[in-house]
Amino acid sequence: MRLLGYAAYKLLSMLVTLLVVSVLVFTIINLPPGDYLSNQIMELQATGQQAGIAKAEFLRAEYSLDQPLWRQYLIWVGFAPGPNGFYGLLQGNFGWSFEFDQPVADIVGETLWLTVLVNVAAILFVYVVALPLGVLAAARARSWVDYSTALVGYLGLATPNFLLALVLFYYGHKYLDLPIGGLMAPEFVGEAMSFEKLRSILLHLIIPTFVVGTAGAASMMQRLRANMLDELSKPYVETALAKGMRERKMLMKYPLRVSLNPFIADIGTLLPAMISGSVLVSVVLGLQTIGPALLTALKTQDQFLAAFILMFVALLTLIGTLISDMLLAMLDPRIRIGGPRK
Amino acid sequence: MTLPHAEKPNLPVLSVRNLSIRFGVSKPVLQEVFFDIHHGETLALVGESGSGKTLSCRAIIQLLPKAAEVVSGQVIYRGGDAECDLLKLAGKPLRRLRGGCVSMIFQEPMRSLSPLHTIGNQVGEMLALHSELSKPARRQKVLETLARVGLSDAERAYKSYPFEMSGGMRQRAMIAMAIITEPEILIADEPTTALDVTTQATVLGLLKDLQKETGMAIVLVTHDLGVVANMADKIAVMESGQIVESGPIAPVLSAPKHSYTRKLIAAAPVIPEAVACKPEAAEPDYILTMRNVCKSFSLRASKPWQKATTITAMKEINLAVTRGKTLAVVGESGSGKTTCGRIALGAMQPDEGGEVHYCPRSGEMVELQHLDKRQRCAFQQKAQMVFQDPYSTLNPRMRVREALFEPMEIHKIGTPAEREARACEILGWVGLKPDMLDRYPHAFSGGQRQRLSIARALMMKPEFLVCDEPTSALDVSVQEQVLALLRDLQARLGLSYLFISHDLAVVASIADSVAVMRAGVIVEQGPVDQLFRNPLHPYTKALIAAHPEPDVHRPMDLNAVAKGAGSAAGWPEEFRLTEGKLPPLVTAEGSHLVRRFG
């Protein structure tokens, strides 16, 4: 019951945050002078293409770019009626991409879910790798297990992602016959989901997951190791041993539970870090994720596309934070019941 | 695993023989340690920190630090008909021994229990490990045991997390965990050191009762001879890894043979039968007066829509510190005594209406509740603080020189040469050498560190010191030295102390007058001789009764403790503190006041 109330409270604060973020995003994107269309109209006027100008003028009116900024914002979110009534983000209209000359929804459509897929896979990879290795390194501190995991970890941290990507592509293709580039074989692009397509996506996912995940896994592992070492010197570990517990079971039940807190709290920050961190990798690997599109949109002042992508990343971050907050509350009675944090 | 408590009066259940342990290649830290313990008997291992008493008892269940190496020795355990050397156990038999036959209670009940698991879970785990009971049967037994150790609402305790309980309740839960498997031997490593004196008395009483019921043997590790005198049948005194004296309790305590034992007994704090009556000045010259001081804190609610709750830490405090004398404030944790000290230093503002006046030797009286910047600066030079824990109040990355110079640097007093001269002079006063200026705090022992804290407080030539439990983190022998130093400094410099403590014996040896606090109010106050000769309030009586004396013929009076130290609502009608209606402080005799009706 208490947990439900906590969840409702968190959800409410998340919505408020999202609103504030939307104001910030919209303001910042509109800070540079001019907009995409006025730039284009000037260019068309210089070359005398009347048809183009008419279209641009139409779009300008259609998307209310002739209105004052605060009104533009309200129309964009869907709080105020535009030329076609209430039709903004809230109503499912993501706007028009001037650069690609398509609705934003069509551009991001599939890539949105592929982005989520790649990043969720990478996060799972981070956790699956870091958890056992971190615990092992702490339990066998200052042994060869500890030193070799640390070495692998530092290599993972120190190698630039795109370099790792290229190396893996070459060897993966040479020895394991893994596909190069993209997130699916070219023949499936734009096709409806099928078993074959899914298989192709999963095969293509292996290398990107590994590349995007290594650095995160390495730092996460070191953090978990440090936390565990701190916890292992606490008296309750001795109590558990004095009870006659097996060492392995004791490790799992007591110190690991306590050192999981920062581990879980990281979920929220991991998501956006991976999305922005994976832009370069996506370009190198030719992944159809949202990263490259964001880069183009920002460069060309394609405001609706850029704003939508930024809002999407913000939403992912907030969802990540919500998940970690809820997990922490479930896992740690001190947070749930509100006792002292010592 | 529970073994039948066989009747074998002649053979000890546990014998430690020639146990030597070392770290690395250095000289052994334990040398040829030996002791025996029989069923139903309590053996006290006594010594200062670092004497090896904890190491010896942990060796019994092989719970030693990784670097420790057993050089020689045996730990013979006789359970049932079998006899085995516990040092040779490993794997499953070792795990069955730990918790099954030999249980352990640790010093800090907060840190020794996992913060993330309920008490029921942690206590029940012992049964899951050592018995075949089904889950409901385990739950039943845990509830029974929790009730048996005096946790009145066992159901609630079962579901509680350690941080929801008080220190005494946690230690009871810890005891429940240790005895639930009915072990033959209980190792209690400083089980009451972290507890208030009244809680200590009740926990010790509980251990004694449980021993009578179950006939288990107790190995009690402690530095407090008072606890030993009240609990033990046999004693083994340890000094630097060796047992220097051992035997039945009465002869060792009354006629100690070894000089170290004599030293320990001499250092043990005692509440004197009669304190010398000190004449009161005809016209008292007060350095600090607190008039009608209250302090309440508002706790922010966990949800934004809930109202903040107000907690009253102190109510209607009237205190006065006579110049050149010591006023002690005594009470358990949470009684408001530390808040009192902080207000006396101007580090915290009293609630509206309270007045705190400070009269320096020369110059004008200042009102601490509204100091301006210049007054505050001047006041801070005159009033300083000595803290409780010398281990955490000295910055480990600052040399002694930097730590001592810092206050003078902040107030821009003196040239570097003058500061150096002052530091050398003060180090001499507190019994340290000037060549220690370039050392770091870790190079000092606990007692030396507390001397450093005192030196730091003296750098500003203060007139008034607030000492917040300055000796409670120290060994008994060191404690006496630090108290002697404080007395000596008072005589030499004419200092006035506000001395905060939970220990009446310490207070008896240093204070001129005493205020006893409970639940934020002063329940009794007066000159030290009258208070000890004729304590009137049940809580003061409980504090005195709960103090363990190092004398087997003066056992603790647990009845008096129970009467006075329980909830304030359980006191006799005339003393009872009820919400909104405090009994007034009335004069009993001279300046001896007690809070009661009538």
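The values are calculated or read from the model by the stated rules, or taken from the named source; none is laboratory data. Source: prediction; values computed, not measured. All Cβ positions, even for glycine, are placed from backbone atoms using ideal geometry, and neighbour counts span all protein chains on display. Surface areas here come from the heavy atoms of the whole protein model, side chains and all, with no ligands, DNA or RNA. Shrake-Rupley method; radii C 1.70, N 1.55, O 1.52, S 1.80 Å.
Can you name the residue in region A:58-110 that is aromatic (Phe, Trp, Tyr) and not in a helix (DSSP H, G or I) and is also farthest from A:GLU191 (Cα to Cα) among such residues? Checked region A:58-110; the qualifying residue farthest from A:GLU191 (Cα to Cα) is A:PHE79. How about region A:43-57: which of its residues are in a helix (DSSP H, G or I) and surrounded by 13 or more Cβ atoms within 10 Å (Cβ to Cβ)? Those that are in a helix (DSSP H, G or I) and surrounded by 13 or more Cβ atoms within 10 Å (Cβ to Cβ): A:GLU43, A:LEU44, A:GLN45, A:GLY52, A:ILE53, A:LYS55, A:ALA56, A:GLU57. Let me confirm something: among A:LEU287, A:LEU280, A:LEU305, which residue is within 23 Å of A:ALA215 (Cα to Cα) and open to solvent by less than 40 Å² (accessible area, probe 1.4 Å)? Going through A:LEU287, A:LEU280, A:LEU305 in turn, just one is within 23 Å of A:ALA215 (Cα to Cα) and open to solvent by less than 40 Å² (accessible area, probe 1.4 Å): A:LEU287.
The residue that is farthest from the other protein chains (Cβ to nearest Cβ), counting only those in region B:78-103 that are open to solvent by 10 Å² or more (accessible area, probe 1.4 Å) and closer than 25 Å to B:THR222 by Cβ, is B:LEU87.
B:ILE37 - would you say it is within 14 Å of another protein chain (Cβ to nearest Cβ), farther than 16 Å from B:GLY241 by Cβ and either touching a Pro at 6+ places or on another chain (Cβ under 7 Å) or surrounded by 20 or more Cβ atoms within 10 Å (Cβ to Cβ) (or both)? So B:ILE37 fails the test. Residues in region A:208-219 that are of a type in the set (Val, Ile, Thr) and open to solvent by less than 10 Å² (accessible area, probe 1.4 Å): A:VAL211 alone. Just one of the numbered conditions (1) farther than 30 Å from A:PHE169 by Cβ; (2) outside any helix (DSSP H, G or I) is not true of A:LEU287: (1).
For region B:484-595, the strands (runs of 3 or more DSSP E) that sit wholly inside it and include 1 or more residues that are within 19 Å of the chain's Cα centre (by Cα) and either at pLDDT 90 or above or farther than 24 Å from B:ASN292 by Cβ (or both) are B:496-501, B:513-518. Residues that are of a type in the set (A, V, I, L, M) and either under 22 Å from A:GLY291 (Cβ atoms) or in a helix (DSSP H, G or I) (or both) within region A:164-192 comprise A:LEU164, A:ALA165, A:LEU166, A:VAL167, A:LEU168, A:LEU176, A:LEU178, A:ILE180, A:LEU183, A:MET184, A:ALA185, A:VAL189, listed in sequence order. Against the conditions (1) surrounded by 17 or more Cβ atoms within 10 Å (Cβ to Cβ); (2) touching a Pro at 6+ places or on another chain (Cβ under 6 Å), B:PRO396 satisfies every one except (1). Do we find that B:LEU133 is more than 8 Å from chain A (Cβ to nearest Cβ), over 17 Å from B:PHE163 (Cα atoms) and among the aliphatic types (A, V, I, L, M) in this structure? For B:LEU133, the condition - more than 8 Å from chain A (Cβ to nearest Cβ), over 17 Å from B:PHE163 (Cα atoms) and among the aliphatic types (A, V, I, L, M) - is met.
Within region A:227-248, restricting attention to residues that are facing another protein chain (nearest Cβ under 7 Å) and under 16 Å from B:ALA173 (Cβ atoms), which residue is surrounded by the most Cβ atoms within 10 Å (Cβ to Cβ)?
Across region A:227-248, the extreme among qualifying residues is A:THR239.
Looking only at residues of region A:92-120 that are in contact (Cβ under 8 Å) with a residue 60 or more places away in the chain and open to solvent by 40 Å² or more (accessible area, probe 1.4 Å), we find that the one that is farthest from A:SER278 (Cα to Cα) is A:TRP96. Would you say A:LEU251 is over 26 Å from A:TRP96 (Cα atoms), part of a helix (DSSP H, G or I) and either open to solvent by less than 10 Å² (accessible area, probe 1.4 Å) or within 14 Å of chain B (Cβ to nearest Cβ) (or both)? Yes: the conditions hold for A:LEU251.
Which residue pairs have Cβ atoms under 7 Å apart, sit 6 or more places apart or on different chains, and have a first residue in region A:35-48 that is in contact (Cβ under 8 Å) with a residue 12 or more places away in the chain and a second that is of a type in the set (Gly, Ala, Ser)? Sorted first by the residue in region A:35-48, then by its partner, the pairs are A:LEU37/A:ALA56; A:GLN40/A:ALA56; A:ILE41/A:ALA56; A:LEU44/A:GLY52; A:LEU44/A:ALA56. Close contacts from region B:551-568, counting a first residue that is more than 22 Å from B:LEU225 (Cα to Cα) and a second that is open to solvent by less than 70 Å² (accessible area, probe 1.4 Å), with Cβ to Cβ under 6 Å and a gap of 6+ residues or different chains, come to B:LYS563/B:PRO538; B:GLY564/B:PRO538; B:GLY564/B:TYR539; B:GLY564/B:ALA542; B:ALA565/B:THR198; B:ALA565/B:ALA542; B:ALA568/B:ALA519; B:ALA568/B:LEU577. Hey, any hits in region A:21-28 for a residue that's more than 30 Å from A:VAL283 (Cα to Cα) and at pLDDT 80 or above? No, because not a single residue in region A:21-28 is more than 30 Å from A:VAL283 (Cα to Cα) and at pLDDT 80 or above.
Filtering region B:357-379 to residues that are closer than 18 Å to B:ARG342 by Cβ and in contact (Cβ under 8 Å) with a residue 40 or more places away in the chain leaves B:HIS357, B:TYR358.
Conditions (1) at pLDDT below 90; (2) open to solvent by 10 Å² or more (accessible area, probe 1.4 Å); (3) not small (Gly, Ala, Ser), marked per residue:
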residue	(1), (2), (3)
B:TYR161	yes, yes, yes
B:GLY167	yes, yes, no
B:GLU182	yes, yes, yes
B:ALA188	no, no, no
B:ASP196	yes, yes, yes
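Restricting A:ASP230, A:ASP177 to those that are among the acidic types (Asp, Glu), assigned by TED's automatic domain parsing to the domain that holds A:PRO292 and closer than 30 Å to B:LEU94 by Cα reduces the list to A:ASP230. Please state which one of A:MET330, A:MET326, A:MET311 is more than 29 Å from A:ASN161 (Cβ to Cβ) and away from chain B (no Cβ under 14 Å). Answer to the check: A:MET326. Among residues of region B:40-66 being of a type in the set (S, T, N, Q) and open to solvent by 10 Å² or more (accessible area, probe 1.4 Å), the one that is modelled with the lowest pLDDT is B:SER49. Per the conditions (1) open to solvent by less than 10 Å² (accessible area, probe 1.4 Å); (2) away from chain A (no Cβ under 14 Å), the sole criterion not satisfied by B:MET126 is (2). For region A:162-178, the count of residues that are within 14 Å of chain B (Cβ to nearest Cβ), open to solvent by 20 Å² or more (accessible area, probe 1.4 Å), more than 25 Å from A:LEU112 (Cβ to Cβ) and of a type in the set (Lys, Arg) is zero.
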